[in-house]
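Student: Below you'll find the structure I mean.
Throughout, read-outs are computed from the coordinates displayed, never taken from laboratory work. The structure displayed is predicted, hence computed values, not measured ones. Note that each Cβ is placed from the backbone with ideal geometry, even for glycine, and that neighbours are counted across all protein chains shown.
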């Protein structure tokens, strides 16, 4: 990674799998392992590989895509909820570690209810036309990845209620 990208200004983690919605005691082992690999381990290993390039940036950014079920547990959400809790923990730990030793800002962003295939699978009776398109959230992602958000670090942000007025100017 560092050979192709010696300096990296930002890394946005957005891959995720939903997996089965069922009680933990009945959760299939193979699905648990698959979700752990995609939803958590990929974030860790890619971040670790990118750190030398991010450290060379004058304004590095790490943004982890979060979920409300990773902030407050919900029955039957199994490995999805657990891995999203772990991603929040990864963000908080990295933010604390890098806060005084680096120029890298670390945050998580919960997109909220959004018109996606994953949402339709989780809520099949919900009318998708009542939900915002994913493109409607891009402004928040771009803001966090850009230079105007230098004062935002270590925050768990909800995209659909976010206002940059919530944070002090840089």
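Student: How long are the semi-axes of the equivalent ellipsoid of the stretch 78-170, defined as square roots of 5 times the Cα gyration tensor eigenvalues? Whole Å, largest first.
Tutor: Its equivalent ellipsoid spans semi-axes of 27, 18, 9 Å.
Student: List the relative contact order of the chain as a percent without decimals, with contacts defined as Cα pairs under 8 Å and 6+ residues apart.
Tutor: Computed over the chain, the figure is 23 percent.
Student: Take every Cα pair under 8 Å in the stretch 28-104 that's 6+ residues apart, average their separations, divide by the length, and report that relative contact order as a whole percent.
Tutor: Over the stretch 28-104, the number comes to 38 percent.
Student: Taking the Cα of residue 126, stepping 7 Å toward and past its beta carbon, and measuring to each backbone N in the stretch 25-68: which are under 12 Å?
Tutor: 68
Student: Would you look at the GNM of the chain, springs on alpha carbons closer than 10 Å, and say which of 110, 43, 129 moves the most?
Tutor: 129
Student: For residue 151 and residue 38, calculate 0.36 nm times their separation in residues minus their Cα-Cα distance, and state this gained length in nm to one decimal.
Tutor: 37.7 nm
Student: Given labels modelled 7 Å from the Cα in the Cβ direction, how far is it in nm from residue 24 to residue 133?
Tutor: 3.9
Student: With each label point set 7 Å from Cα along the Cα-Cβ vector, what nm distance links residue 12 and residue 49?
Tutor: 2.0
Student: For the chain, what does -39500 (n - 2.57) per DSSP helix run (n ≥ 4), summed and divided by total residues, give at 222 nm, in deg cm²/dmol to the nearest 500?
Tutor: -10000 deg cm²/dmol
Student: For the chain, take the longest principal axis of its alpha carbons; what is the angle in degrees between that and the long axis of helix 42-55, to the nearest 10 within 0 to 90?
Tutor: That helix lies at roughly 10 degrees to the long axis.
Student: Sticking with this one: Specify the residue with the greatest mean-square fluctuation among 78, 146, 16, computed from a Gaussian network of the chain linking alpha-carbon atoms under 10 Å apart.
Tutor: Looking only at 78, 146, 16, the largest GNM fluctuation is found for 146.
Student: Still on this structure, I have one more. Compute the long axis of helix 78-98 from its Cα atoms, compare it with the longest principal axis of the Cα atoms of the chain, and write down the angle in degrees, 0 to 90, nearest 10.
Tutor: Once rounded, one gets 10 degrees.
Student: Consider the candidate values [x] 15.0; [y] 10.0; [z] 10.6; state which one is mean projected area of the Cα convex hull in nm² computed from the structure displayed.
Tutor: Answer label, from the structure shown: [z].
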